[in-house]
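Q: Have a look at this one.
The values are calculated or read from the model by the stated rules, or taken from the named source; none is laboratory data. It should be emphasised that the depicted structure is a prediction, and the values quoted were computed from it without experimental measurement. Virtual Cβ from ideal backbone geometry, glycine too; neighbours counted across all protein chains shown. These accessible areas exclude ligands, DNA and RNA; they are computed on the full protein's heavy atoms, side chains included. Shrake-Rupley method; radii C 1.70, N 1.55, O 1.52, S 1.80 Å.
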Amino acid sequence: MRRISNAYYALFTLPTLTAFAIAFFIPFLLGIYLSFTRFTTVTNARWVGLNNYVRAFTENKDFLNAMVFTAKFTLISVVLINLFAFSLALLLTRNVWGRNIFRTTFFMPNLIGGIVLGYIWLLIINGVLYRFQVDITFSAKYGFWGLVIVTNWQMVGYMMVIYIASIQSIPPELVEAAQIDGANPRQVLFNITIPLVTPAFTICTFLTLANSFKLFDQNLALTRGAPGKATAMMALDIYNSFYGTTGYEGVGQAKAVVFFLLVGIIVLVQLLLSRSKEMEN
Amino acid sequence: MKSKLGLVFSLLVVASIILTACGGGTPAGTEAPAGAATGELYYLNFKPEVAETYTKIAEAWNAETGNTLKVVTAASGTYEQTLKSEIAKSDPPVLFQINGPVGYAAWKDYTADLSGTELYKHLTDKTLAVTDGAGVYGLPYVIEGYGIIYNNAMMDKYFATEGATAASMDEVNNFAALKAVVEDMQSKKDALGIGGVFCSTSLKPGEDWRWQTHLANLPIFYEFRDNNLNLSDPAATAEVKFQYAENYKNIFDLYINNSTTAPTLLGSKSVDDSMAEFALGQCAMVQNGNWAWGQISGVDGNTVKAEEVKYLPIYTGVPGEEKQGLNIGTENFFAINKQATPEKQQLAADFIWWLYSSPTGKAFVTNDLKFMTPFDTFADDEKPTDPLAREVLRYAGNADLYSVAWRFTLFPGQPFKDAFGAALLQYAQGSMPWEDVQQLFIDQWKAEKAKAAGG
């Protein structure tokens with residue numbers, strides 16, 4: 001193969017790099033800088049050091065509460081989404097009638113935007129709760145489980161597709177060999193299928209973890225934090241402090257940086273942990 | 001960062017969709033025909049409902065003066081966000097709006113002194129302007145009023161029933177009379193063919209401003225009046241006692257307990273729901289301002305006739321309230337960006353003067369924007385004629401009554417209002433006792449005022 005000069009690499013990646021710099025890298029650095037300043041608009045910032053970070057945690061408990069709520073929510077939804085997605089994938093890799101129809105149907109909610117899903121489910125959930133003379137704003141529990149349902153509804157289909165792809169790539173001879181050796185379906189599942197789809201588990205856990213942590217539109221559409229701020233997740237809390245409060249733009253920015261670090265660290269740890277469990281294929 | 005970018009982007013998309021929808025297919029900005037040699041003025045409009053009108057105003061202004069008006073409208077409830085990002089751009093809005101002293105505090109780096117402008121000289125009541133020392137930083141451009149809107153046809157139907165506690169609305173001139181009528185009417189709701197006396201008390205987060213801001217104006221107005229506060233001194237309003245909390249509770253209880261909707265279900269009702277109920281004749285009374293007429297008359301299947309729509313002051317059981325009128329004031333103030341070039345600032349001042357003094361401009365203000373204005377450039381026959389505006393003018397012109405000024409322009413920022421609104425919802429749902437709501441009001445007020453002052 002002919003060697004391509006490095007200059008060409010640079011040339012061909014330039015458009016992408018430029019776009020990346022404009023749309024991601026520069027705003028990101030600017031955001032970190034702004035978190036150390038007090039500002040109304042991004043052009044009149046004044047340096048205040050770590051003050052914003054202190055205020056984010058000490059002035060009220062909103063951010064901490066949002067953190068706890070988000071952590072609980074993420075834990076539940078990561079487990080549930082992966083459980084449902086994997087079960088569906090197992091079912092739909094068998095010879096079930098109409099399995100392509102089912103696969104498509106389960107995948108479809110993922111194509112709808114979070115805001116729309118949030119409003120649709122708000123109607124459904126309130127429709128049910130109205131029978132008991134309450135609505136979703138009545139208790140933080142309703143909001144919590146409402147969010148869990150919406151997120152599951154949206155993400156299960158996507159994760160299912162990843163699991164299906166992974167299950168289908170398992171060499172059939174391995175399963176056959178196990179069956180000839182007398183393994184029952186349970187043993188095949190736990191000793192062949194699950195170990196061989198661990199890469200899919202890694203990616204699915206990563207996606208669900210990151211997405212649950214960053215959940216915003218569904219939260220905004222479904223509860224907007226009601227009752228009070230009891231169901232406000234971190235992204236919504238950041239949004240509220242940035243846009244909702246005069247003089248809080250810097251604090252919101254500081255929260256966003258903390259949020260970024262938190263999500264980054266958790267996701268990295270998760271990746272390292274589950275990578276170490278993956279089998280060499 | 002990523003999620004925020006996505007957010008900003010989606011906000012832009014939503015804003016542009018709304019703008020396109022409102023503008024009937026025209027793009028967000030209203031550009032004049034090419035070749036205009038004179039200046040361009042960028043106005044960031046606050047009221048989505050008048051976005052289309054401003055397109056026409058821009059054309060007329062261009063035809064008369066050759067100047068170009070670029071109007072961008074922020075989607076409902078996103079004005080501050082939009083202003084924040086627009087004003088940081090290289091071509092920032094020159095004419096924008098602030099919502100009173102609190103808005104001035106947030107934007108004082110940008111608001112120019114308007115005391116020398118022609119329009120300010122024609123302001124009839126100078127106390128309405130946002131001032132700081134000798135400077136004038138916000139110029140009110142519309143007068144609005146709110147109270148309890150009622151459907152007179154329905155009330156007459158009730159007064160004709162046996163055992164009605166009053167013979168006409170003229171007898172309802174204090175809280176006790178209102179309460180008697182409302183409660184008796186609620187018990188006869190099936191016979192009257194309504195779902196409840198009051199339309200839903202919309203307490204959905206973001207839809208609760210009629211209660212956490214407008215209704216809360218009454219107790220605060222009376223508290224400030226009793227204590228004779230100097231309202232231009234920020235320290236005077238740094239704390240409140242909420243001493244008229246009981247009066248607030250009076251009217252709020254009356255609203256939620258005699259309504260079309262059970263108190264526990266109010267958390268998902270919006271202002272639109274409430275106004276639609278009124279328009280469809282499912283309820284007889286609703287608290288809102290004169291801007292609501294467009295909303296009422298615009299509902300499909302509207303059964304309320306213009307001549308039957310009347311205003312009742314919001315009575316809360318304060319001594320002497322027989323002489324109380326409507327809540328009249330404004331939270332819409334023009335501000336001019338002092339970081340823009342002097343020419344642009346002058347152009348902005350010229351534009352608002354043109355809009356409020358030239359025959360063409362005044363015709364737009366009266367007939368299309370339907371504003372009641374605080375300027376002496378308008379003659380009596382140049383005032384809007386929709387039923388609610390007429391009612392506001394009738395109350396304002398009645399020398400026997402006193403108007404309740406809009407003191408909520410001195411309320412702390414949005415977090416205070418949101419917290420109070422959320423507490424009201426929890427109170428309605430029965431999960432928070434009234435004492436806690438009262439305490440929260442006092443505490444949040446103090447905390448948010450301190451933040452705004454200190455931060």
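Q: Quickly run through segment A:25-68 and pick out the residues that are of a type in the set (Gly, Ala, Ser) and within 10 Å of chain B (Cβ to nearest Cβ).
A: Passing the criteria: only A:GLY31.
Q: For A:THR202, indicate whether it is closer than 25 Å to A:TRP153 by Cβ, in contact (Cβ under 8 Å) with a residue 40 or more places away in the chain, surrounded by fewer than 23 Cβ atoms within 10 Å (Cβ to Cβ) and of a type in the set (S, T, N, Q). Lay out the reasoning, then the answer.
A: Details: closer than 25 Å to A:TRP153 by Cβ: yes; in contact (Cβ under 8 Å) with a residue 40 or more places away in the chain: yes; surrounded by fewer than 23 Cβ atoms within 10 Å (Cβ to Cβ): yes; of a type in the set (S, T, N, Q): yes.
It is true that A:THR202 is closer than 25 Å to A:TRP153 by Cβ, in contact (Cβ under 8 Å) with a residue 40 or more places away in the chain, surrounded by fewer than 23 Cβ atoms within 10 Å (Cβ to Cβ) and of a type in the set (S, T, N, Q).
Q: Give the residues of segment B:310-349 that are without any contact (Cβ under 8 Å) to a residue 12 or more places away in the chain and of a type in the set (D, E, K, R), sorted by residue number. Spell out the reasoning first.
A: Taking segment B:310-349 as the starting set, the residues that turn out to be without any contact (Cβ under 8 Å) to a residue 12 or more places away in the chain are B:319-320, B:341-342, B:346.
Those that are without any contact (Cβ under 8 Å) to a residue 12 or more places away in the chain and of a type in the set (D, E, K, R): none in segment B:310-349.
Q: Restricting to segment A:32-47, give me the number of residues that are exposed (fewer than 13 other Cβ atoms within 10 Å of the Cβ) and either part of a loop (DSSP other than H, G, I, E, B) or among the basic types (Lys, Arg) (or both).
A: 2
Q: Taking B:TRP354 and the conditions (1) open to solvent by 10 Å² or more (accessible area, probe 1.4 Å); (2) of a type outside the set (Ser, Thr, Tyr); (3) touching a strand residue (DSSP E or B) at 6+ places or on another chain (Cβ under 8 Å); (4) part of a helix (DSSP H, G or I), which numbered condition does it fall short on, given that it satisfies the others?
A: The single condition B:TRP354 does not satisfy is (3).
Results for (1) open to solvent by 10 Å² or more (accessible area, probe 1.4 Å); (2) more than 14 Å from chain A (Cβ to nearest Cβ); (3) touching a Lys or Arg at 6+ places or on another chain (Cβ under 6 Å), shown as yes or no for each residue.
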position	(1), (2), (3)
B:TRP209	yes, no, no
B:GLN212	no, no, yes
B:LEU215	no, yes, no
B:ASN230	yes, yes, no
B:PRO234	yes, no, no
B:TYR244	yes, yes, no
B:PRO263	yes, no, no
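Q: Those residues that are open to solvent by 40 Å² or more (accessible area, probe 1.4 Å) and either assigned to a helix (DSSP H, G or I) or not assigned by TED's automatic domain parsing to the domain that holds B:GLU52 (or both), I need them from segment B:67-123; list them, please.
A: Within segment B:67-123, B:GLU80, B:SER85, B:PRO101, B:VAL102, B:ALA105, B:GLU118, B:LYS121 qualify.
Q: So which strands (runs of 3 or more DSSP E) are wholly in segment B:235-333 and hold at least 1 residues that are under 28 Å from B:GLY138 (Cα atoms)?
A: Passing ranges, in order: B:285-289, B:324-329.
Q: Next up: Might you check whether a residue that is more than 22 Å from B:LEU440 (Cβ to Cβ), open to solvent by 20 Å² or more (accessible area, probe 1.4 Å) and within 14 Å of another protein chain (Cβ to nearest Cβ) occurs anywhere in segment B:277-287?
A: No, segment B:277-287 contains no residue that is more than 22 Å from B:LEU440 (Cβ to Cβ), open to solvent by 20 Å² or more (accessible area, probe 1.4 Å) and within 14 Å of another protein chain (Cβ to nearest Cβ).
Q: Among the numbered criteria (1) within 14 Å of chain A (Cβ to nearest Cβ); (2) at pLDDT below 90; (3) part of a helix (DSSP H, G or I), which single criterion is violated by B:ARG390?
A: (1)
Q: List the pairs whose first member sits in segment A:251-271 and is under 20 Å from A:LEU236 (Cβ atoms), whose second member is charged (D, E, K, R), and whose Cβ atoms are under 8 Å apart, counting only residues at least 6 apart or on separate chains?
A: Matching pairs, first to second residue: A:VAL251/A:ARG55; A:VAL251/A:GLU59; A:ALA254/A:ARG55; A:LYS255/A:ASP237; A:ALA256/B:LYS4; A:VAL263/A:LYS214.
Q: Tell me, yes or no, whether segment B:137-156 has at least one residue that is under 17 Å from B:LEU410 (Cα atoms), in a strand (DSSP E or B), open to solvent by less than 10 Å² (accessible area, probe 1.4 Å) and in contact with a Lys or Arg (Cβ under 9 Å, 6 or more places away or on another chain).
A: Checked segment B:137-156: no residue is under 17 Å from B:LEU410 (Cα atoms), in a strand (DSSP E or B), open to solvent by less than 10 Å² (accessible area, probe 1.4 Å) and in contact with a Lys or Arg (Cβ under 9 Å, 6 or more places away or on another chain).
Q: Which numbered condition trips up B:LEU41, out of (1) under 27 Å from B:GLY135 (Cβ atoms); (2) free of Cβ contacts under 8 Å to residues at least 60 places away in the same chain; (3) open to solvent by less than 20 Å² (accessible area, probe 1.4 Å)?
A: All conditions pass for B:LEU41, except number (2).
Q: Also, quick follow-up: Is at least one residue of segment B:369-379 under 21 Å from B:TYR146 (Cα atoms) and either of a type in the set (Phe, Trp, Tyr) or in a helix (DSSP H, G or I) (or both)? If you could, list the steps in order and put the result at the bottom.
A: Step one: of segment B:369-379, the residues under 21 Å from B:TYR146 (Cα atoms) are B:369-375.
Among the residues that remain, those that are also either of a type in the set (Phe, Trp, Tyr) or in a helix (DSSP H, G or I) (or both) are: B:371, B:375.
Among the residues of segment B:369-379, at least one is under 21 Å from B:TYR146 (Cα atoms) and either of a type in the set (Phe, Trp, Tyr) or in a helix (DSSP H, G or I) (or both), which makes the answer yes.
Q: While we're on this one: Provide a single number: the residues in segment A:14-24 that are within 12 Å of chain B (Cβ to nearest Cβ) and of a type in the set (Val, Ile, Thr).
A: Here the count works out to 1.
Yes/no per residue for (1) under 26 Å from B:ASN250 (Cα atoms); (2) among the aliphatic types (A, V, I, L, M):
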site	(1), (2)
B:GLY361	no, no
B:THR366	no, no
B:THR373	no, no
B:PRO387	no, no
B:GLU391	yes, no
B:LEU401	yes, yes
B:GLY413	yes, no
B:TYR427	yes, no
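Q: Same structure, new question: Within segment A:211-231, how many residues are assigned to a loop (DSSP other than H, G, I, E, B), more than 7 Å from chain B (Cβ to nearest Cβ) and within 13 Å of A:PHE73 (Cα to Cα)?
A: Matching residues across segment A:211-231 total 3.
Q: Okay, next question. For the condition open to solvent by 70 Å² or more (accessible area, probe 1.4 Å) and at pLDDT 90 or above, what is the one hit in A:LEU50, A:LEU29, A:LEU80, A:LEU88?
A: Only one candidate passes the filter, namely A:LEU29.
Q: Something else: Condition check: over 19 Å from A:LEU222 (Cα atoms) and without any contact (Cβ under 8 Å) to a residue 24 or more places away in the chain. Does A:ALA183 satisfy that?
A: Taking the combined requirement at face value, the residue satisfies it.
Q: Next question. Within segment B:326-334, identify whether any single residue is at pLDDT below 90 and open to solvent by 40 Å² or more (accessible area, probe 1.4 Å), and answer yes or no.
A: So far as segment B:326-334 goes, yes, one or more of its residues are at pLDDT below 90 and open to solvent by 40 Å² or more (accessible area, probe 1.4 Å).
Q: Quick check on this structure: which one of B:THR360, B:THR385, B:THR366 is part of a loop (DSSP other than H, G, I, E, B), open to solvent by 10 Å² or more (accessible area, probe 1.4 Å) and not assigned by TED's automatic domain parsing to the domain that holds B:TRP445?
A: Matching residue, one of B:THR360, B:THR385, B:THR366: B:THR385.
For every residue, the table says whether it meets (1) farther than 16 Å from B:ILE220 by Cβ; (2) crowded, with 16+ Cβ neighbours inside 10 Å; (3) facing another protein chain (nearest Cβ under 10 Å); (4) modelled with pLDDT under 95.
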site: B:LEU410; (1), (2), (3), (4): no, yes, no, yes
site: B:GLN414; (1), (2), (3), (4): yes, yes, yes, yes
site: B:PHE420; (1), (2), (3), (4): no, yes, no, yes
site: B:LEU425; (1), (2), (3), (4): yes, yes, yes, yes
site: B:GLY430; (1), (2), (3), (4): yes, no, yes, yes
site: B:LYS446; (1), (2), (3), (4): no, no, no, yes
site: B:ALA452; (1), (2), (3), (4): yes, yes, yes, yes
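Q: Please verify whether segment A:244-267 includes one or more residues that are more than 25 Å from B:SER85 (Cβ to Cβ), more than 13 Å from chain B (Cβ to nearest Cβ) and not aliphatic (A, V, I, L, M).
A: For segment A:244-267, residues more than 25 Å from B:SER85 (Cβ to Cβ), more than 13 Å from chain B (Cβ to nearest Cβ) and not aliphatic (A, V, I, L, M): absent.
Q: In addition: Suppose the filter is in contact (Cβ under 8 Å) with a residue 12 or more places away in the chain and under 18 Å from A:ASN240 (Cα atoms); does A:ASN65 pass it?
A: The answer is yes for A:ASN65.
Q: Sticking with this one: Looking at A:ILE170, A:ILE124, A:ILE180, can you tell me which residue is away from chain B (no Cβ under 14 Å), surrounded by fewer than 16 Cβ atoms within 10 Å (Cβ to Cβ) and not basic (Lys, Arg)? Walk me through it before giving the result.
A: Numbers: A:ILE170 fails: surrounded by fewer than 16 Cβ atoms within 10 Å (Cβ to Cβ); A:ILE124 fails: away from chain B (no Cβ under 14 Å).
The conditions single out A:ILE180.
Q: Considering segment B:212-270 alone, what residues qualify as being over 17 Å from B:LEU440 (Cβ atoms), of a type in the set (D, E, K, R) and under 23 Å from the mean Cα position of the chain (by Cα)?
A: Within segment B:212-270, B:ARG225, B:ASP253, B:LYS269 qualify.
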